[in-house]
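Step one of this worksheet: look at the structure below.
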Amino acid sequence: MDTYSILREFADSWMLLALFSFFVGVILWVFRPGSRRTYADTADIPFRNEMKPAQADQVAKEA
């Protein structure tokens, strides 16, 4: 067999399984029970300084 056929068989079988497993793992990681607070905090970043720009000491404290 030539190289293309071998790589094509590998991509159609085992690589598909590996990438699907990775996808399912990422989905489970994102929706795990302890992650709600982390993602809620991240989602609120644009609204933290809604009335005025952030001060230099706030930016340093948050980082």
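Values in this text are rule-based calculations from the coordinates and carry no lab data. Just so we're clear, the structure is a prediction, and the values are computed from it rather than from any experiment.
Net length available on complete extension from LEU19 to ARG37 is 3.7 nm, with 0.36 nm assigned per residue and the Cα-Cα distance removed. Here the extension length gained between TRP29 and ARG8 equals 4.6 nm, from 0.36 nm per residue of separation less the Cα-Cα distance.
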